[in-house]
Each structure stands twice: as C-alpha cells, then as structure tokens.
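For reference, the structure is listed below as structure tokens.
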Amino acid sequence: METELKELAISLFEINAVKFGYFVTKVGLKTPVYIDLRVIIAYPKIFSRLSNTLWKLSDNNQKIDQLCGVPYTALPIASLISVESNIPMVIRRKEAKSYGTKKMIEGEYKKGDNCVIIEDVITSGSSILETVKDLTQEGLNVTEALVIMDREQGGKKNIENAGIKVKSLYTLTKLMNYLFEADKITLETIENVTQYIKECSAPLITLNKESSHDRLKMNYASRSKFTMNQLAANLFELMEKKETNLCLAADMTKTNDIIELAELAGPHIVILKIHVDIIDDFYKEFPCTLKELALKHEFLIMEDRKFGDIGNTVALQYSKGLYKISEWADLVTVHPVSGPGVLDGVREALKSTSKDRGIFLITEMSSKGALTTGNYIKESLSLSAQSDLVVGHVCQSNIFNDLGLIQLTPGVKLETSTDNLGQQYNTPESVVNNGADIVVVGRGITEAPDQLKAILEYKTQLWTAYKKRIA
C-alpha cells in the first residue's frame, strides 16, 4: 500500500492535480497548495488506480448497501468503485429538481441501507456533513467516509464528531513528504505548507441554502471569506475599503474620453466597464494607460465582451488578436449559452498568465423581451457552482443564495425610465433591494451635464441603499 501511495502521489503531481501558488479554498481559506482532483478524469489509468486504491480502505466487515459520491468531483470516483465492486450507488443532488419527482437523492434504496460516502478532499468537512444530512433524512445509515485527501484543517474532527468514521489515502503532510522524497518539491515548499497547516484551521460552514435573506443581510467584508475566486474576495474587500459599489460603464468610442472619465471617476468606483471593440481609435498602449489608472485609483477593469462561442474560439478571442483581453482585463462577461465549454475556453487562455481573473455570467439581461428566463437561469446558476472562475452573475433580481458570488446589475438611473431601444432602467435603491451587490451605471453618468456630480450622487445613493439593506 505504501509503494502504491508513493507512486500515485507522483502521478497526481505530474498531471497537475497538486498545485502550488496562491489559492482560495471552497470555505474561503487562502492556501499555498491546492488539490484539484477534477483533472483525473482525463487520465483513465490514474483514475482507475486511484479509485481502486481508495476502495481498499473500506471496512470489509461492514455490510455496504450503497455508495454516494459527494458532488461533483467525487461522483465519477464513486461511479467507478460502484461498477468494480458491484455495489449500487445513489446520487445526492446539490439542490432538488423543480420538476418531476423533485428528489434530493436519486437511485434505488430502502430505509436502513448502509451507505459509504466517497469524497475527494476534506477541509472543513461541511460537504460531507451536508450529504450525510440529506441521506439520513431519506432513511439511509451513514457510518463511514472514504476520502482521498485530508487537508488536516479540522474537517476530519468535525465529521467524526458527527459519528462518521473517516479514512483517507493521504494527509497533506504525507503527500508533501512523498513528493519531497521523489524530488518533486523543495524543502522550502514543505516548510511553507507545514506552517500553513499549523496556522490555518477550517471553520465548519453549513450554509442555509433555503434562505436568500442571509446574502442580503451580510456585509461585503464577511462575504469575502466565502468566495471560491480570489478576485471576488479582493472585490468584496475593495468595496468595503472605498465604500462604493458603483461600476461605471464607459461605453464610449474614443480612448481619450474613456481615460478622462476613468481619471475623474476612479476614486469613486470599484469597476470600470468598457466595450473595447467599439473604440474607434484603439492603440496597443491604451490598456496600459487604463491599468495605470486602475492601480492609482484602486478599481478593476472589466471588458464587457460577452463571450459565448465554443471553448476553442473563446480561448482565441480572449487571448489573441488585436485586443489581447486576457492580458489587461481583470473581469470579463460571458454568456453561458454554449455550456461549460465557454468556461473551459477562458481557463485555457489563462494558462499564460498568473494574474487573478474572474468571470461574470450573463444570467439575466435588462433589455425588454430578453430570453434569459426560466431554465436558462437555472443552468447558468449551476455552471457557477462548478467553476472557481466565476465571480458572480449579471442579473436583475435575487436569484441565487451563494454568499461568495456577486450580483452585478445594469440598467440603473436615478429615476425609473426606458429608452427607445428596449433598455429598462430602475432606481439605485430598488436594484440594491433586489439583490444587487454592484450596480452598473452608464448613460446616467456619461450623458450628465456634470459628470462628477452624477458620479457622487450615484455612489452615495447606492452605498446608502446597501447600508440600509444589511441593517
């Protein structure tokens, strides 16, 4: 078993399932090491070997009637074990279907069945405990969890305190030692990770997914701890620091106009949004000038590109061509219409940069008669739950509960109105009360006789509305 674990550790490192750098875990902890076991499905031999080795930890003396993989990464692992061991499997949904049977647990089972949980990584143990809760409510008996990686941050203790035995192939310490013995990492890396484990334990987080009230009542600084994306955490903290939740839509066609407006508005905004492909006099130094202003005034740059093609095309649109958007835009907007491949395209393009980047999914639009309704919204929300690239959703109403995601709402003016092209406008207070965390204002500022006065008026009204909301 020891030899097997050493060889598997090296294989996981070589397929980049073990990453070193700066990351944020699901429960909001900053970490120098990240275990990304989603990649194993691309390596069938390693996938099979890892699953078989994990199953060797099971208690042969216990009658096992069902297996349940924690969504999403552990689902294929549990599926392979189920096939190889000829033990039935149940699937726990992250949320109940709104149609059909509306079940939380899918499969054929009966009350009293013994169920073993399969998980990839435990940090706080929250995901396993949420799964246990749903399985128990269906009458299943859960006594054991088999885990590939225990990050040694309190998760095992939390789970065992709930009466569930935990067995893991690796602890973070054991994995680091294996990699060091194989000359894959340095002593300095081991020391950094060891120090991190000593200093950073994970809280037990159980979110109330039935209530959207929590998101609207919690302040930005507190919510920064729940993000899966580092840029989202930075954005929450920036909003609190500058006391503004204003995004300025500088949808202008001349570079000098955009630069002048960015200089004027910079101290009062958190995001400057542009459409680079409508600029008449674009030149290659223009993004550098914007980045200098963003650094000076502490705001992020968002290119409202609304990517929506197949993954390969999106990767090229994002990183190549005249604009090379991935090099300078902190944030981009993405239509989820083409499915998860569009996010894969963005991720592929980002392999060439180490900068923090984020995506806003266009989940609802503010234009009259928009087709972003019903199941489209549900599928977009589902995509965000699967990707740490997603910072939040562009939407008009409070349609999600995740504390770590940001609601970006466009279509705002000081008075409710509409234009002759179908754009509908709402007041600052109404959009904040409808869930907006950041509000996009464009023509209400760019067409104002006194732009600075308008900027300050929107900034004040939006921040006041936010403070009233959380109070």
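The values are calculated or read from the model by the stated rules, or taken from the named source; none is laboratory data. Computed from a predicted model, the values in this text were never measured in an experiment. Note that each Cβ is placed from the backbone with ideal geometry, even for glycine, and that neighbours are counted across all protein chains shown.
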query: Which one of these does residue 76 not meet: (1) within 28 Å of the chain's Cα centre (by Cα); (2) modelled with pLDDT of 95 or more; (3) farther than 28 Å from residue 173 by Cα?
result: (3)
Of the criteria (1) under 30 Å from residue 469 (Cβ atoms); (2) modelled with pLDDT under 95, which one residue 311 fails: (1)
query: Based on what the data block shows, is residue 9 surrounded by 17 or more Cβ atoms within 10 Å (Cβ to Cβ), modelled with pLDDT of 95 or more and closer than 25 Å to residue 391 by Cα?
result: no
task: Answer yes or no: is there a residue in segment 138-159 that is among the charged types (D, E, K, R) and in a strand (DSSP E or B).
output: yes
field: Filter result for residue 255 (closer than 25 Å to residue 447 by Cα and out of contact with any helix residue (DSSP H, G or I) (no Cβ under 9 Å at 6 or more places or on another chain))
entry: no
message: Cβ contacts < 8 Å: first residue under 16 Å from residue 404 (Cβ atoms) and modelled with pLDDT of 85 or more, restricted to segment 27-38; second residue among the aliphatic types (A, V, I, L, M) and surrounded by fewer than 21 Cβ atoms within 10 Å (Cβ to Cβ), any location; separation 6+ or different chain. Result?
response: none
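Among the candidates 370, 349, which residue alone is more than 17 Å from the chain's Cα centre (by Cα), at pLDDT 90 or above and either within 21 Å of residue 301 (Cβ to Cβ) or not charged (D, E, K, R) (or both)? Steps first, answer last, please.
Working: 370 fails: at pLDDT 90 or above.
Being more than 17 Å from the chain's Cα centre (by Cα), at pLDDT 90 or above and either within 21 Å of residue 301 (Cβ to Cβ) or not charged (D, E, K, R) (or both) holds for just one of 370, 349, which is 349.
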field: Answer residue from segment 246-257, given it is touching a residue at least 60 places away in the same chain (Cβ under 8 Å) and in a loop (DSSP other than H, G, I, E, B) and is surrounded by the fewest Cβ atoms within 10 Å (Cβ to Cβ) among those
entry: 251
field: Residue check, residue 337 more than 16 Å from the chain's Cα centre (by Cα) and β-branched (Val, Ile, Thr)
entry: yes
task: Mind listing just one residue for me: the one in segment 179-221 that is at pLDDT below 90 and touching a Phe, Trp or Tyr at 6+ places or on another chain (Cβ under 9 Å) and, of those, farthest from residue 436 (Cα to Cα)?
output: 205
message: Just to check your reading of the model, which residue among 326, 338 is among the small types (Gly, Ala, Ser) and within 23 Å of residue 440 (Cβ to Cβ)?
response: 326
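Of 10, 40, 81, which residue is in contact with a helix residue (DSSP H, G or I) (Cβ under 6 Å, 6 or more places away or on another chain), farther than 26 Å from residue 104 by Cβ and part of a helix (DSSP H, G or I)? Steps first, answer last, please.
Values: 10 fails: in contact with a helix residue (DSSP H, G or I) (Cβ under 6 Å, 6 or more places away or on another chain); 81 fails: farther than 26 Å from residue 104 by Cβ.
When all the criteria are applied, what remains is 40.
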statement: When every residue in segment 153-172 that is at pLDDT 95 or above and not basic (Lys, Arg) is compared, the one surrounded by the fewest Cβ atoms within 10 Å (Cβ to Cβ) is 171
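Going by what's in this entry, would residue 376 be described as modelled with pLDDT of 95 or more, part of a helix (DSSP H, G or I) and more than 21 Å from residue 253 (Cβ to Cβ)?
Values: modelled with pLDDT of 95 or more: no; part of a helix (DSSP H, G or I): yes; more than 21 Å from residue 253 (Cβ to Cβ): yes.
No: the conditions fail for residue 376.
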message: When you check residue 134 against the structure, is it touching a residue at least 40 places away in the same chain (Cβ under 8 Å), within 25 Å of the chain's Cα centre (by Cα) and under 14 Å from residue 68 (Cβ atoms), yes or no?
response: yes
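This table checks each residue for (1) hydroxyl-bearing (Ser, Thr, Tyr); (2) surrounded by fewer than 18 Cβ atoms within 10 Å (Cβ to Cβ); (3) under 19 Å from residue 214 (Cα atoms).
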position: 435; (1), (2), (3): no, no, yes
position: 448; (1), (2), (3): no, yes, no
position: 463; (1), (2), (3): no, no, yes
position: 468; (1), (2), (3): no, yes, yes
Tally, over segment 46-71, of residues that are polar (S, T, N, Q) and either crowded, with 19+ Cβ neighbours inside 10 Å or in a loop (DSSP other than H, G, I, E, B) (or both): 6
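Tell me which residues, restricted to segment 115-157, are touching a Leu at 6+ places or on another chain (Cβ under 8 Å), of a type in the set (Val, Ile, Thr) and over 15 Å from residue 167 (Cα atoms). I'd like the intermediate steps shown before the answer.
Of segment 115-157, the ones touching a Leu at 6+ places or on another chain (Cβ under 8 Å) are 115-121, 123-126, 129, 142, 146-154.
Then drop every residue that is not of a type in the set (Val, Ile, Thr), which leaves 116-118, 121, 123, 142, 147-148.
Hits for segment 115-157: nothing passes.
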